[in-house]
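Below is one structure, written out as structure tokens; the observations come after it.
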Amino acid sequence: MSATKKNPVRTTRRQFLSAAAGGGAAVTAQSILPVSAAEIEGLPPEVADWSRYLGEGVDAYPYGQPSKFESHVVRRNVPWLTASVESSINFTPLHELDGIITPNGLCFERHHAGVAEVDPAEHRLMINGLVEKPLIFTMADILRFPRTNKVFFLECAANSGMEWRGAQLNGCQFTHGMVHCVMYTGVPLKLVLQEAGLKTNAKWIMPEGADAAGMNRSVPLDKALDDCLLAFKMNGEALRPEQGYPLRLVVPGWEGNMWVKWLRRIEVGDQPWHTREETSKYTDLLEDGRSRRFTWAMDCKSVITNPSPQAPLLHKGHNVLSGMAWSGRGTVERVDVSLDGGRNWRHARIDGPSFDKAVHRFYFEFDWQGEPLLLQSRAIDSTGYVQPTKDELRAVRGTNSIYHNNGVQTWHVRAGGEVENVEVS
Amino acid sequence: MSKLARSIAFAGVLALAAGPVFAGTYSLGREAAPVEVSAWDIDVRPDGQGLPEGGGTVADGEILFQERCAACHGDFGEGLDRWPVLAGGQGTLAGENPVKTIGSYWPHLSTVFDYVRRAMPFGDAQSLVPNEVYAITAYLLYLNDVVEDEDFELNKANFTSIKLENEGGFMADDRPDTPNLAKSAPCMTDCKPEVVITKRARVLDVTPDGGDEGGPAID
């Protein structure tokens, strides 16, 4: 008998997924039958290897990793979206996660010139422009400012951007995976700006990255002084390189592109810069050919993560529907769930902490006897805003906006438990 | 007086001597020297703030563009493979398939200068000197039919006189723009007579590992 065992549940699910992709109805039907206990090694009356032999000692992994049975839980890229991996996106596997916090290694990546490898000893933050005294800070200086801890979601404005013209990608990882939510430790930006002394005509700031894209955006000073942070930790440990190590700007509730990574400079000015990322990109083209600009806030949005195309329904009887909701304008007050494509709605249960501009987790328990379902969720935030349908969005914006698609998502659960991304009337 | 208290008092005197408006409360960081600021301060605004001295012609820009840019963006800015398109697309913004380029979409010329100077060529950023950026920017104007003379020189003095066609095409954010139903409580039961599936992801089949490669790009 070998020391390593296959995980039978995982194997069944993998088989299910490939069968589902191939449309194999027979296998699909089989996979929802309960697995016979006698087929599983390690269950009574057997004694499992891990109950008999010693496991690995401490320090086998000085930096711990997830179980090898979780190796499929990874960020994934959609290769056809972009020309090069250095200017590209990958997606958080939302269907494998729970609670409100995203593990650091699974936070989606969006780079415009690859991941800058910045030595913190050599990193500097410069504040210049309309200040009394331009300043340069080392990372050690930044760590001597008073700091705070805050949980915020970060969503790319292009999240769900592929779905404007209709259902396109099968999996919430791909349709909604450009969002993550972590706890940041950082210095209120206000304190650092005040250290340099703002001139009376200061109205805007321009954060700039140290990467080879020199990422720059215009942020109104009011926002900068309100709740922006200079973050150096996420979920308690140093920022990951792909999230801007050693220093990133946190712009709560606003589109991810503004959260400049590898932050090296902040210029203070009296007008916006109209940088490439706020003109050519991150402007929302409407049907009449005009565009909205400076569309910073991320509107209230939700998605059911389980079941979803990558996480089919495997069992008849009692099931737990799980999902996430967030709003760039406050907290999420309520989430409704529909099993019949929006004809009838029930309140879902929001569980776990409810932080301003953070992900909220919701659940809805239901009984399933193999009937087809059309699953939807709709979130309402603390401003009273109701997440719109995709058709409501298209009616006012057309289909060429790319950004800010927060429409209600529909998943079609078939009799076999397989789930597809669809839209309904 | 303790040593620490004395040095704080001394720092206070210094700050006052340097000018009463300096607001630093933590005395962290050090003053950036002008030479340090100018080395990093490479941004350019629509009103011309930040433009360096210099200039360059369309003809010079064409040579530079072939050498440094055309491998990705194509000889005429048409964009090879999935690399960005830099020219053309005028008149397409309200159509089915808008082509957003410097000529058709970008509101300000300063954005071209600012972006090329900081980020291009891709993989060799900040390697162009100001005269080269002026020349390449002039050539991009030429490719977009904004200027027609190959001898045209773009320089610090005439830069802000150049206007792009879509400058007026942008408006302020007026969201929320969808029916905001909460005050009247969204419908909970029998909200529509029937529900039919109108669109399916499987029809397109562009999910990774899901079948064929390819699909409409998002940016």
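Just a yes or no: is a residue in segment A:76-91 modelled with pLDDT under 95, under 16 Å from the mean Cα position of the chain (by Cα), within 12 Å of chain B (Cβ to nearest Cβ) and part of a loop (DSSP other than H, G, I, E, B)?
Yes, that holds for at least one residue.
Tally up the residues in segment A:92-122 that are under 21 Å from A:K150 (Cα atoms) and not in a helix (DSSP H, G or I), please.
Count: 11.
Those residues that are in contact (Cβ under 8 Å) with a residue 12 or more places away in the chain and facing another protein chain (nearest Cβ under 10 Å), I need them from segment B:87-99; list them, please.
Those that are in contact (Cβ under 8 Å) with a residue 12 or more places away in the chain and facing another protein chain (nearest Cβ under 10 Å): B:G91, B:T92, B:L93.
On the basis of being touching a residue at least 40 places away in the same chain (Cβ under 8 Å), more than 9 Å from chain B (Cβ to nearest Cβ) and either touching an Asp or Glu at 6+ places or on another chain (Cβ under 7 Å) or of a type in the set (K, R) (or both), does A:M183 make the cut?
Spelling it out, it is not the case that A:M183 is touching a residue at least 40 places away in the same chain (Cβ under 8 Å), more than 9 Å from chain B (Cβ to nearest Cβ) and either touching an Asp or Glu at 6+ places or on another chain (Cβ under 7 Å) or of a type in the set (K, R) (or both).
Has segment B:50-65 got at least one residue that is out of contact with any Ser or Thr (no Cβ under 6 Å at 6 or more places or on another chain) and within 12 Å of chain A (Cβ to nearest Cβ)?
yes
Would you confirm, using the coordinates I've provided, whether A:F294 is modelled with pLDDT of 95 or more, part of a loop (DSSP other than H, G, I, E, B) and of a type in the set (A, V, I, L, M, F, W, C)?
yes
Please tell me if A:G256 is closer than 30 Å to A:L321 by Cα and of a type outside the set (A, V, I, L, M, F, W, C).
In short, yes.
Of the numbered conditions (1) within 27 Å of B:A185 (Cβ to Cβ); (2) touching a residue at least 60 places away in the same chain (Cβ under 8 Å); (3) hydroxyl-bearing (S, T, Y), A:Y282 satisfies every one except a single condition; which is it?
Of (1) within 27 Å of B:A185 (Cβ to Cβ); (2) touching a residue at least 60 places away in the same chain (Cβ under 8 Å); (3) hydroxyl-bearing (S, T, Y), only one is false for A:Y282: (1).
If A:Q376 satisfies every condition in (1) surrounded by 24 or more Cβ atoms within 10 Å (Cβ to Cβ); (2) assigned to a loop (DSSP other than H, G, I, E, B) but one, which is the exception?
(2)
One line per residue, one yes/no per condition, for (1) within 24 Å of A:E96 (Cα to Cα); (2) away from chain B (no Cβ under 14 Å); (3) at pLDDT 95 or above:
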position	(1), (2), (3)
A:R334	yes, no, yes
A:I350	yes, yes, yes
A:P353	yes, yes, yes
A:A358	yes, yes, yes
A:P372	yes, no, yes
A:V386	no, no, yes
A:T399	no, no, yes
A:N405	yes, no, yes
A:N421	yes, no, yes
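Checking A:S302 against (1) assigned to a loop (DSSP other than H, G, I, E, B); (2) more than 8 Å from chain B (Cβ to nearest Cβ), which test does it fail?
Among (1) assigned to a loop (DSSP other than H, G, I, E, B); (2) more than 8 Å from chain B (Cβ to nearest Cβ), A:S302 violates only (1).
Does any residue of segment A:268-279 turn out to be touching a Cys at 6+ places or on another chain (Cβ under 7 Å), of a type in the set (G, A, S) and not in a loop (DSSP other than H, G, I, E, B)?
no
Quick one: what pairs do we get from segment A:138-156, first residue away from every other protein chain (no Cβ under 14 Å), second among the basic types (K, R) and buried (at least 17 other Cβ atoms within 10 Å of the Cβ), C-beta under 6 Å, 6+ apart or different chains?
From segment A:138-156, the pairs are A:F152/A:K357.
From B:E53, B:E67, which residue is outside any loop (DSSP other than H, G, I, E, B), out of contact with any Gly (no Cβ under 7 Å at 6 or more places or on another chain), of a type in the set (D, E) and more than 23 Å from B:N166 (Cβ to Cβ)? Break it down into steps so the answer makes sense when it comes.
Working: B:E53 fails: outside any loop (DSSP other than H, G, I, E, B).
The conditions single out B:E67.
Do you know which residues across segment A:128-154 are closer than 30 Å to A:M178 by Cα and hydrophobic (A, V, I, L, M, F, W, C)?
Step one: of segment A:128-154, the residues closer than 30 Å to A:M178 by Cα are A:139, A:142-143, A:147-154.
Result: A:M139, A:I142, A:L143, A:V151, A:F152, A:F153, A:L154.
With respect to B:R175, is the statement that it is under 22 Å from B:E62 (Cβ atoms), among the basic types (K, R) and within 12 Å of chain A (Cβ to nearest Cβ) true?
The answer is no for B:R175.
The values are calculated or read from the model by the stated rules, or taken from the named source; none is laboratory data. Just so it is clear, the model here is predicted, and its values are computed rather than measured. Using ideal geometry, Cβ is built from the backbone for each residue, glycine included, and neighbour counts are taken over all protein chains shown.
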